[in-house]
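Okay, so here's the structure we're looking at.
The values are calculated or read from the model by the stated rules, or taken from the named source; none is laboratory data. Model, not experiment: these values are computed from the prediction. Because the Cβ atoms are built from the backbone with ideal geometry, glycine has one as well, and the counts that use them run over all protein chains shown. These area figures cover heavy atoms from the full protein model, side chains too; ligands, DNA and RNA do not enter into them. Shrake-Rupley method; radii C 1.70, N 1.55, O 1.52, S 1.80 Å.
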Amino acid sequence: MNITLPFEPILFGIKWNIHLILEYLAFFIAFRYYVFLRKRSADSITSANRLSIIIGAIFGALLLSRAVAFLENPVIHSQEEWMALMNNKTIMGGLFGGLLGVELAKVIIGEKQSSGDLFTFPIILGIIIGRVGCFLAGTNEFTYGKKTSFFMGMNLGDGLNRHPVALYEVFFLLLLFILLTKIQRNSKSLESGMLFKFFMISYFTFRFLIEFLKPNTFFTLGLSSIQILCLICLFYYQKTIRQATAYALKKLHLL
């Protein structure tokens with residue numbers, strides 16, 4: 001079956017926004033997956049504190065996802081109406097904003113335990129579903145790549161062969177999901193919170209690189225606002241990166 005992008009199915013005489021549908025579906029499925037995982041785990045964080053942490057994540061994500069989206073092209077976005085600005089958002093700002101919101105909430109409630117691991121796989125699953133929606137939206141969403149003669153180039157709706165960046169991301173996240181699952185199963189003594197840290201470091205590194213394949217506006221040092229946020233996130237996790245690098249080098253030396 002050939003699907004013409006943007007994919008805008010018509011059902012009952014109504015044109016459906018498939019990207020918006022999959023976006024809401026991603027939130028629903030990711031949350032249900034989180035509930036499922038929490039029931040199966042020995043969570044050391046109380047339900048009340050978990051709720052406070054989730055609320056912190058939501059508000060942090062809402063704030064920074066909009067702020068970073070605005071900074072992607074402030075000249076254009078500053079001319080938009082208020083509702084359009086509120087609808088502009090980016091998962092990168094949402095993830096880092098959610099992280100900061102969680103850390104602030106934990107300081108307020110005095111929670112010392114790491115809380116990220118339970119969110120890791122639901123977040124990955126949610127992003128995968130959302131990115132499928134981005135791909136089906138074609139060039140209606142700014143998740144398409146530059147023009148290319150690469151064999152993976154696809155017509156995403158404007159008649160040009162472009163990098164299907166959303167599909168690249170889906171493939172990467174599927175591999176990351178499998179890798180983190182194996183790490184979780186094989187590393188019984190894995191420090192609490194490390195799965196989430198591995199996810200954030202891996203995903204933000206990937207996004208820093210893949211942004212070069214998008215027709216971005218590069219305002220500062222030849223980097224987009226998303227790439228600058230990626231560098232900030234990697235700096236935030238610099239201690240973990242140094243420890244992981246030292247551990248990998250030690251293993252390679254032993255081999």
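Descriptive notes on the structure:
- Interchain or long-range residues, amide H under 5 Å from residue 155's placed H: 162
- Crossing angle, helix 194-210 versus the chain [Cα axis fit, 0-90 degrees, rounded to tens]: 30
- Solvent accessible area, Å² - residue 172, 1.4 Å probe, full protein context: 50
- Dividing the helix sum by the residues of the chain, where each DSSP H run of 4 or more adds -39500 (n - 2.57), gives a mean residue ellipticity at 222 nm of -21500 deg cm²/dmol.
- Cβ-derived FRET efficiency at R0 35 Å, residue 36 paired with residue 147, nearest 0.05: 0.25
- Close lysine pairs were tallied over the stretch 145-218: pairs 8 or more places apart or on different chains with Cα atoms under 18 Å apart number 4.
- Seen against the Cα atoms of the chain and their longest principal axis, helix 117-136 is set at about 10 degrees.
- Sulfur and carbon atoms: percent of accessible area, the chain [1.4 Å]: 67
- Working from Cα pairs under 8 Å separated by at least six residues, relative contact order for the chain is 21 percent.
- Computed with a 1.4 Å probe over protein heavy atoms only, the accessible surface of the stretch 5-65 comes to 69 Å² per residue.
- A 1.4 Å probe, protein heavy atoms only, puts the accessible area of residue 189 near 110 Å².
- Toward the positive end of the charge dipole of the stretch 77-216, with +1 on the Cβ of Lys and Arg and -1 on the Cβ of Asp and Glu, the farthest Cα among 170, 186, 198 is that of 186.
- For the chain, size of Cβ-based charge dipole, Lys and Arg +1, Asp and Glu -1, in debye: 1000
- Local charge for residue 5 was computed over the other residues whose Cβ lies under 12 Å away, with Lys and Arg +1 and Asp and Glu -1, and equals -2.
- Angle between the chain longest axis and helix 47-72 axis [Cα atoms, degrees, rounded to 10]: 40
- Cα-based reach from residue 250 at 19 Å (exclusive), listing aspartates and glutamates while leaving out same-chain residues under 8 positions away: 191
- q = 0.09 Å⁻¹, the chain: log10 I(q)/I(0) [Debye, one scatterer per Cα]: -0.45
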